[in-house]
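This is the structure I have questions about; it appears just below.
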Amino acid sequence: MPEGAGTTAEPEQKLRNRFDRYEVAGAFGDLGTLIPFVIGYIMVTRIDPLGILFTFGIMLICSGLYYKTPIPVQPMKAIGSAAITQVSAVTPGMVWGAGLFTGVFWLAMGLTGMLDSISKFISKPVVRGIVLGLGLSFILQGIRMMQSDLIVALIALAITFMLLTSRRVPAMFVLIIIGVVAALIKNPGLYYELSGIRFDFQLPHFVLGQVTWQDFIKGALVLGIAQVPLTFGNAVIAITAENNRLFPERPVTEKKIAISQGILNLFSPLFGGVPMCHGAGGMAGHVRFGARTGGSLIILGIFLLTVALCFSSSVLLLFNIFPSSVLGVILFFAGLELAVTARDVGREKSDYYTLLVTAGFAAWNMGAGFVAGIVMQELIKRKVFKV
């Protein structure tokens with residue numbers, strides 16, 4: 001683990017963003033989630049990469065400057081999955097409409113104080129179960145991605161385990177090198193394809209005028225509503241718990257995170273971006289590979305902003321550098337980082353029952369996990385079940 005992680009350094013030192021090699025390495029710890037969704041939106045839903053990467057870049061920089069901890073900005077997974085898999089029924093306007101609905105919903109939830117009441121009702125085993133379930137789903141998804149090139153994945157996995165605590169060589173740097181070399185060996189024609197990358201400066205377009213009321217309503221009903229329980233579990237409850245566990249000197253509240261996500265999603269659709277959230281898995285990825293401040297988000301934001309403004313016509317070529325097998329390794333370690341946090345759930349047998357029921361359902365569906373955990377918590381509390 002890099003120097004400074006888990007230490008008792010002075011608060012004023014921790015509140016400053018850093019830009020050392022660990023922050024650079026940690027900046028790319030969430031690529032396992034980011035790249036597949038961005039590629040899906042571009043290739044399947046036909047959304048302009050300029051708008052997607054521009055809005056991600058701006059919001060990552062803002063998140064890093066404001067929070068000063070690695071609170072990530074990720075694609076919303078339920079909306080992204082539905083948009084990519086239901087391509088015949090989903091249009092870019094519906095995606096932007098879903099983003100606007102999501103922004104209004106979470107801004108209202110945060111400003112009205114409704115989240116405070118809900119959060120007080122949720123026990124620690126339920127929170128840890130949501131995080132554990134998310135971690136397990138990341139591990140399984142990472143393994144599935146690694147199977148695309150198992151030999152490369154196993155080499156990358158072994159080297160990453162050996163370098164996880166290295167203070168000299170951040171594991172992410174080695175992973176990127178392995179990924180690039182593997183991609184070029186597997187596809188020698190990639191040399192010539194990459195030579196087609198060209199500087200092409202463009203400014204984003206204001207697309208709000210292209211979103212109709214029909215887009216907004218369809219986007220909310222088809223895409224947005226299904227995202228709500230996932231966002232509540234992963235990107236409100238879990239991210240708040242993770243941030244406050246890892247960075248107690250810089251705590252956040254569910255209310256603040258909800259308002260922040262509302263702002264993200266009211267801004268993103270204006271310039272052709274996609275629905276975003278502060279997912280706990282992204283923080284785990286950033287932290288696992290070295291990030292300890294918001295500097296990692298600023299670095300990633302500047303990178304994405306540069307690609308958006310100067311190389312948006314070559315985005316798919318650039319992303320070909322990162323093989324799915326290596327992205328799977330990144331996702332696998334982000335899952336491990338999340339899953340191990342469940343170790344402090346408590347000492348009572350009932351705590352473990354609630355944890356495992358929540359995690360089991362959450363690994364399948366985050367919303368279902370949240371509901372199952374609350375039900376189990378209340379049944380045990382009211383002594384309907386005795387474990």
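The values are calculated or read from the model by the stated rules, or taken from the named source; none is laboratory data. Since this is a predicted model, take the numbers as computed values, not measurements. When we count neighbours, we look across all protein chains shown, and the Cβ atoms used for this are built from the backbone with ideal geometry, even at glycine.
Specify the residue that is modelled with the lowest pLDDT; the eligible residues are those in the stretch 1-40 that are within 20 Å of the chain's Cα centre (by Cα) and of a type in the set (Asp, Glu).
Applying the filter and picking the extreme gives ASP30.
Right, here's the next one. Filtering the stretch 121-155 down to residues that are under 17 Å from the mean Cα position of the chain (by Cα) and among the aliphatic types (A, V, I, L, M), which residue is surrounded by the fewest Cβ atoms within 10 Å (Cβ to Cβ)? Before the answer, list the steps.
Filtering the stretch 121-155 for residues under 17 Å from the mean Cα position of the chain (by Cα) gives 130-142, 145.
From the residues that got through so far, the ones that are among the aliphatic types (A, V, I, L, M) too are 130-132, 134, 136, 139-140, 145.
Details: ILE130: 29, VAL131: 32, LEU132: 28, LEU134: 28, LEU136: 20, ILE139: 20, LEU140: 14, MET145: 22.
Here the residue is LEU140.
Could you count how many residues in the stretch 79-91 are surrounded by fewer than 22 Cβ atoms within 10 Å (Cβ to Cβ) and in a helix (DSSP H, G or I)? Can you show your working first?
So the first thing to find is which residues in the stretch 79-91 are surrounded by fewer than 22 Cβ atoms within 10 Å (Cβ to Cβ), and the list is 81-82, 84-91.
Filter again for in a helix (DSSP H, G or I), leaving 81-82, 84-85.
Going through the stretch 79-91 one residue at a time, the tally reaches 4.
Still on this structure: Taking the condition of being acidic (Asp, Glu) and closer than 18 Å to CYS310 by Cα, how many residues in the stretch 10-64 meet it?
Quick first cut of the stretch 10-64, residues acidic (Asp, Glu) only: 10, 12, 20, 23, 30, 48.
Subsequent filtering for residues that are closer than 18 Å to CYS310 by Cα retains 48.
Number satisfying all stated conditions: 1.
Take the residues of the stretch 98-139 that are of a type in the set (S, T, N, Q) and part of a helix (DSSP H, G or I): which is nearest to TRP364 (Cα to Cα)? Break it down into steps so the answer makes sense when it comes.
First, pick out the residues of the stretch 98-139 that are of a type in the set (S, T, N, Q): 102, 112, 117, 119, 123, 137.
When the remaining residues are screened for being part of a helix (DSSP H, G or I), the result is 102, 112, 117, 119, 137.
On the way: THR102: 22, THR112: 31, SER117: 26, SER119: 22, SER137: 7 Å.
Applying the filter and picking the extreme gives SER137.
Would you mind telling me which numbered condition in (1) in a helix (DSSP H, G or I); (2) surrounded by fewer than 21 Cβ atoms within 10 Å (Cβ to Cβ); (3) not aliphatic (A, V, I, L, M) ARG347 fails?
Among (1) in a helix (DSSP H, G or I); (2) surrounded by fewer than 21 Cβ atoms within 10 Å (Cβ to Cβ); (3) not aliphatic (A, V, I, L, M), ARG347 violates only (1).
I would also like to ask the following. Would you mind finding the one in GLY279, GLY294 that is under 16 Å from the mean Cα position of the chain (by Cα), crowded, with 20+ Cβ neighbours inside 10 Å and either under 23 Å from SER137 (Cβ atoms) or aromatic (Phe, Trp, Tyr) (or both)?
Details: GLY294 fails: either under 23 Å from SER137 (Cβ atoms) or aromatic (Phe, Trp, Tyr) (or both).
Selected residue: GLY279, the only one of GLY279, GLY294 that is under 16 Å from the mean Cα position of the chain (by Cα), crowded, with 20+ Cβ neighbours inside 10 Å and either under 23 Å from SER137 (Cβ atoms) or aromatic (Phe, Trp, Tyr) (or both).
Look through SER296, SER260 and report the one residue that is out of contact with any helix residue (DSSP H, G or I) (no Cβ under 7 Å at 6 or more places or on another chain), of a type in the set (Ser, Thr, Tyr) and modelled with pLDDT of 95 or more.
On the way: SER296 fails: out of contact with any helix residue (DSSP H, G or I) (no Cβ under 7 Å at 6 or more places or on another chain).
From the options SER296, SER260, the qualifying one is SER260.
Which numbered condition trips up GLN202, out of (1) assigned to a helix (DSSP H, G or I); (2) surrounded by 14 or more Cβ atoms within 10 Å (Cβ to Cβ); (3) more than 25 Å from the chain's Cα centre (by Cα)?
(1)
Let's see how each residue does on (1) of a type outside the set (Ser, Thr, Tyr); (2) in contact (Cβ under 8 Å) with a residue 60 or more places away in the chain; (3) over 26 Å from THR240 (Cα atoms); (4) not in a helix (DSSP H, G or I):
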| residue | (1), (2), (3), (4) |
| --- | --- |
| SER296 | no, yes, no, no |
| LEU300 | yes, yes, no, no |
| VAL307 | yes, yes, yes, no |
| PHE311 | yes, yes, yes, no |
| ALA342 | yes, yes, no, no |
| THR358 | no, yes, no, no |
| GLY373 | yes, yes, no, no |
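For the stretch 258-276, how many residues meet the condition of being of a type in the set (A, V, I, L, M, F, W, C) and either surrounded by 23 or more Cβ atoms within 10 Å (Cβ to Cβ) or in a loop (DSSP other than H, G, I, E, B) (or both)?
Going residue by residue through the stretch 258-276, those that are of a type in the set (A, V, I, L, M, F, W, C) are 258-259, 263-264, 266-267, 270-271, 274, 276.
This time we only want the ones that are either surrounded by 23 or more Cβ atoms within 10 Å (Cβ to Cβ) or in a loop (DSSP other than H, G, I, E, B) (or both), so: 258, 264, 274, 276.
Residues flagged as of a type in the set (A, V, I, L, M, F, W, C) and either surrounded by 23 or more Cβ atoms within 10 Å (Cβ to Cβ) or in a loop (DSSP other than H, G, I, E, B) (or both) within the stretch 258-276 amount to 4.
Okay, residues lined up against (1) assigned to a helix (DSSP H, G or I); (2) surrounded by fewer than 24 Cβ atoms within 10 Å (Cβ to Cβ); (3) acidic (Asp, Glu); (4) touching a Phe, Trp or Tyr at 6+ places or on another chain (Cβ under 8 Å):
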residue: GLN214; (1), (2), (3), (4): yes, yes, no, no
residue: LYS218; (1), (2), (3), (4): yes, yes, no, no
residue: LEU221; (1), (2), (3), (4): yes, yes, no, no
residue: THR231; (1), (2), (3), (4): yes, no, no, yes
residue: ALA238; (1), (2), (3), (4): yes, no, no, no
residue: ALA241; (1), (2), (3), (4): yes, yes, no, no
residue: ARG245; (1), (2), (3), (4): yes, yes, no, no
residue: GLU249; (1), (2), (3), (4): no, yes, yes, no
residue: LYS256; (1), (2), (3), (4): yes, yes, no, no
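Only one of these is crowded, with 22+ Cβ neighbours inside 10 Å and over 17 Å from the mean Cα position of the chain (by Cα): MET94, MET59, MET43, MET76. Name it. So that I can check it myself, show each step before the final result.
Details: MET59 fails: over 17 Å from the mean Cα position of the chain (by Cα); MET43 fails: crowded, with 22+ Cβ neighbours inside 10 Å; MET76 fails: over 17 Å from the mean Cα position of the chain (by Cα).
Unique residue meeting the criteria: MET94.
For the stretch 140-190, which residues satisfy the criterion of being within 16 Å of VAL287 (Cα to Cα), hydrophobic (A, V, I, L, M, F, W, C) and part of a helix (DSSP H, G or I)?
First, the residues of the stretch 140-190 that are within 16 Å of VAL287 (Cα to Cα): 160-161, 163-167, 169-173, 175.
Okay, now just the ones that are also hydrophobic (A, V, I, L, M, F, W, C), so 161, 163-164, 169, 171-173, 175.
Listed by number, the residues that qualify are PHE161, LEU163, ALA171, MET172, PHE173, LEU175.
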